[in-house]
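The values are calculated or read from the model by the stated rules, or taken from the named source; none is laboratory data. Worth saying up front: this structure is predicted, and the values here are computed from it rather than measured. We place every Cβ from the backbone using ideal geometry, glycine too, and count neighbours over all the protein chains shown. To get the accessible areas, we keep the full protein, side chains included, count just its heavy atoms, and leave off ligands, DNA and RNA. Shrake-Rupley method; radii C 1.70, N 1.55, O 1.52, S 1.80 Å.
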Amino acid sequence: MIDFLPLDQLVAACHWIGAKGWAPATGGNMSVRQDARYCLLSESGKDKGSLTRDDFIQVEIATSHVPSGRKPSAETGLHTLIYRLFPEAGAVLHTHTVNSTVLSRVEKGNALLLSGYEMQKTLAGQQTHINTVPIALFENHQDIAALVSRIESYAREQPLNYGFLLRGHGLTCWGRDVSEARRHLEGLEFLFECELQRRLLEAK
Ligand SMILES: CSCCC(=O)C(=O)COP(=O)(O)O
Ligand SMILES: [Zn+2]
């Protein structure tokens with residue numbers, strides 16, 4: 001892959017995620033859109049905090065077909081779904097943080113509602129803390145095709161913005177480019193930590 005700046009930006013984002021401890025062991029996966037037809041996805045089973053350009057594999061967005069025959073993320077179907085649903089999405093980041101893992105189990109509903117936080121304004125288009133921002137929450141599933149179908153039906157019925165949580169698993173979020181995906185990840189992670197602490201304190 002010659003001179004594709006977004007891939008360098010994605011590799012830097014992966015190192016940042018690793019340094020934050022947001023992709024422990026081999027958890028997490030990351031991708032960037034190459035063009036309308038292809039994306040580049042992290043190889044399955046690697047430590048995502050120490051990926052290099054060579055650890056990204058070309059995947060066809062329409063079919064999840066891998067021309068090279070290499071093995072991209074086990075969660076490839078979720079990335080290609082996002083690129084199909086949102087033609088403006090340029091990068092997808094999936095992390096396994098303690099906050100997203102625990103909060104997605106504590107919250108029993110099908111969305112985590114964020115309201116009253118100034119940091120909601122880190123999310124594209126949000127201009128006030130007054131709004132309620134729902135982050136969709138789906139049951140985790142080992143059958144990625146089943147998960148893709150569930151999320152796809154959801155997105156056809158109602159807005160699916162910024163990212164979604166998989167219960168007991170983690171966050172998948174996206175942005176127009178790597179920079180916006182990073183901002184959404186950092187903003188949401190901050191909001192999850194606040195929400196978890198608020199719930200802990202208010203329960204006492
Ligand atoms: C040990 S993490 C379990 C798989 C997972 O949820 C994940 O994010 C990493 O899978 P990949 O195939 O992308 O390495
Ligand atoms: Zn995962």
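Too long at a 21 Å Cα-Cα cut-off: which of 20/108; 20/48; 20/46; 46/108?
Working: 20/108 27 Å; 20/48 12 Å; 20/46 17 Å; 46/108 31 Å.
Distance filter (> 21 Å) returns 20/108; 46/108.
Rounded to the nearest Å, what's the spacing between the alpha carbon centres of the range 9-31 and the range 58-82? Just the number, please.
First find each Cα centre; the distance between them is then 18 Å.
Ignoring ligands, DNA and RNA, what accessible area per residue does the range 1-116 give at 1.4 Å, in Å²? Walk me through the numbers before you get to the answer.
Working: 5090 Å² over 116 residues.
Solvent-accessible surface per residue comes out at 44 Å².
Can you show me the helix-derived [θ] at 222 nm for the chain, built from DSSP H runs with n ≥ 4 at -39,500 (n - 2.57) apiece and divided by the number of residues, rounded to the nearest 500.
Numbers: 5 runs with 74 residues, N = 204.
The helix contribution divided over the chain gives -12000 deg cm²/dmol.
Considering only protein heavy atoms and a probe of 1.4 Å, how much of the accessible area of the range 133-204 is carbon and sulfur, as a whole percent? Show your work: numbers first, answer last.
Working: 1740 of 3610 Å².
Carbon and sulfur together cover 48 percent of it.
What ranking, highest mean first, results for peptides 32-43, 60-71, 171-182 when packing means the other Cβ atoms within 10 Å averaged over each residue? Can you show the working numbers first?
Working: 32-43: 19.5, 60-71: 12.7, 171-182: 22.7.
Going by the mean number of other Cβ atoms within 10 Å, highest first, we get 171-182, 32-43, 60-71.
Rounded to a whole number of µm²/s, how large is the Stokes-Einstein D of the chain at 10 °C and 1.306 mPa s, given Rh as the Kirkwood radius over C-alpha pairs?
Numbers: Rh = 17.0 Å.
Using the Kirkwood radius from Cα pairs, D works out to 93 µm²/s.
Could you tell me how far the Cα centroid of the range 140-166 sits from the Cα centroid of the range 87-136, in Å?
Result: 15 Å between the Cα centres.
Specify the angular offset, from 0 to 90 degrees and rounded to the nearest 10, of the alpha carbon long axis of helix 178-202 from the longest principal axis of the alpha carbons in the chain.
Helix 178-202 and the main axis of the chain meet at about 30 degrees.
Which log10 I(q)/I(0) values does the range 154-204 give at q = 0.27 Å⁻¹ under the Debye formula, counting every alpha carbon as one identical point scatterer?
Once normalised to I(0) and log-transformed, intensities are -1.05.
Binned at 10 Å from 0, what are the whole-percent values of the Cα-Cα distance distribution for the range 69-162, short to long?
Using 10 Å bins, I get a P(r) of 13, 41, 37, 8, 1 for the range 69-162.
Would you mind computing, in nm to one decimal, how far apart the modelled labels at residue 127 and residue 108 are, each placed 7 Å from Cα along Cα→Cβ?
If labels sit at residue 127 and residue 108, their model points lie 3.8 nm apart.
Averaged per residue, what accessible area in Å² does the range 117-204 show with a 1.4 Å probe, protein chains only? Kindly include the intermediate steps, with their values, before the conclusion.
On the way: 4620 Å² over 88 residues.
Roughly 52 Å² per residue, with all protein chains present.
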